[in-house]
Amino acid sequence: MASPLSGPKYLSVREHLRRRVAALPELTLLPPEPVLCAEYGVSRITLRRAVDGLVADGHLVREQGRGTYVTRPAIRHEYRESFVHRIAGFNSVMTEQGAQVGTRVLTQRIVPVPATVATELNLEPAADVVELVRLRSVDGTPNHVAHSFLPAGLYPRAADADFGEGSLYDYLRAEYSADLAHARIVVDVGTAAPEEADLLRVVAGSPLLVVRTTVRDSDGRPLVHSFSRLRPDVSQVEFEVSVGGR
């Protein structure tokens, strides 16, 4: 039996199905619609809307006379907002999609906070932050360079933790019981500097997607600021939100 659903029904069903499908072997057939409707306690219209989203994303394939079965989507970097009721990092999302994530730590140190980061984290100019720079790959292909900044006063042990694998967000939850409740995400376009181009195996000056994220706790206090510079040929940034009001 599925876990209780919350939020808009089709989004909740879609998210639960996405996690369920990620754990199934490719070409596994889904149960028939009536079975899934009974399991999730939703109408066929709601179920089909959820499944349609997974078909569009490449997680499922519908085939006449055969049914709906599991496939594997093209590798993508996916950011999801609060409709999935969690703040999920790159490692968690890609692992759920069945991808092999690789991480190479390039920089890990305590430094004076850069001016732009101080603004995002509401820190004084003299404050220190933990700076963490990682090269992330998917199935052996470089995907992006992630730059993360955390207040050193809140998370001093992050300067020495092993981030060669796993999720930064999972670490903060486990080690500090961090309340990662909300994320503000801004996307723009940049170009690859020579050293960055070598890491990502692209030509210097090539366009990159730049995703800036500030994660806050339930009281609105900023906890982490990151920016990731992604190869657009192997990445996709997805936003999906519930719209309040009429």
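Does residue 237 qualify as being touching a residue at least 24 places away in the same chain (Cβ under 8 Å) and part of a loop (DSSP other than H, G, I, E, B)?
yes
Would you confirm whether any residue within segment 49-59 is at pLDDT below 90, in a helix (DSSP H, G or I), closer than 30 Å to residue 159 by Cβ and not charged (D, E, K, R)?
no
Considering only segment 122-137, state which residues are more than 17 Å from residue 168 (Cα to Cα) and in contact with a strand residue (DSSP E or B) (Cβ under 9 Å, 6 or more places away or on another chain).
122, 123, 125, 126, 127, 128
Being open to solvent by less than 30 Å² (accessible area, probe 1.4 Å) and not hydrophobic (A, V, I, L, M, F, W, C) is the filter here, so list the residues in segment 170-183 that pass it.
Listed by number, the list is empty, since nothing qualifies.
Check segment 145-166 and report whether any residue there is over 22 Å from residue 109 (Cα atoms) and small (Gly, Ala, Ser).
no
Within segment 169-192, take every residue that is small (Gly, Ala, Ser) and touching a Lys or Arg at 6+ places or on another chain (Cβ under 7 Å) and give me the one that is modelled with the highest pLDDT.
Looking at residues that are small (Gly, Ala, Ser) and touching a Lys or Arg at 6+ places or on another chain (Cβ under 7 Å), I get 190.
Limited to segment 29-45, what total is found for residues that are at negative phi, open to solvent by 40 Å² or more (accessible area, probe 1.4 Å) and part of a loop (DSSP other than H, G, I, E, B)?
Result for segment 29-45: 3.
Quick one: which residue in 68, 116, 107, 95 is β-branched (Val, Ile, Thr), open to solvent by 60 Å² or more (accessible area, probe 1.4 Å) and at pLDDT 90 or above?
Exactly one residue qualifies, and that residue is 116.
The conditions are (1) loosely packed, with under 12 Cβ neighbours inside 10 Å; (2) at pLDDT 90 or above, and residue 155 fails exactly one of them. Which is it?
(1)
Determine which single condition residue 79 fails, assuming it passes every other condition in (1) under 22 Å from residue 138 (Cβ atoms); (2) surrounded by 14 or more Cβ atoms within 10 Å (Cβ to Cβ); (3) modelled with pLDDT of 85 or more.
It fails just one condition, (3).
Can you confirm whether segment 209-232 contains a residue that is more than 15 Å from the chain's Cα centre (by Cα), open to solvent by less than 30 Å² (accessible area, probe 1.4 Å), within 18 Å of residue 116 (Cα to Cα) and not hydroxyl-bearing (Ser, Thr, Tyr)?
Yes, because at least one residue in segment 209-232 is more than 15 Å from the chain's Cα centre (by Cα), open to solvent by less than 30 Å² (accessible area, probe 1.4 Å), within 18 Å of residue 116 (Cα to Cα) and not hydroxyl-bearing (Ser, Thr, Tyr).
The values are calculated or read from the model by the stated rules, or taken from the named source; none is laboratory data. Everything numeric here is computed off the predicted structure, so don't read it as measured data. Cβ atoms come from the backbone with ideal geometry, glycine included; neighbour counts cover every protein chain shown. Ligands, DNA and RNA are stripped out before the accessible areas are found, and what is left, the full protein with its side chains, is counted by its heavy atoms. Shrake-Rupley method; radii C 1.70, N 1.55, O 1.52, S 1.80 Å.
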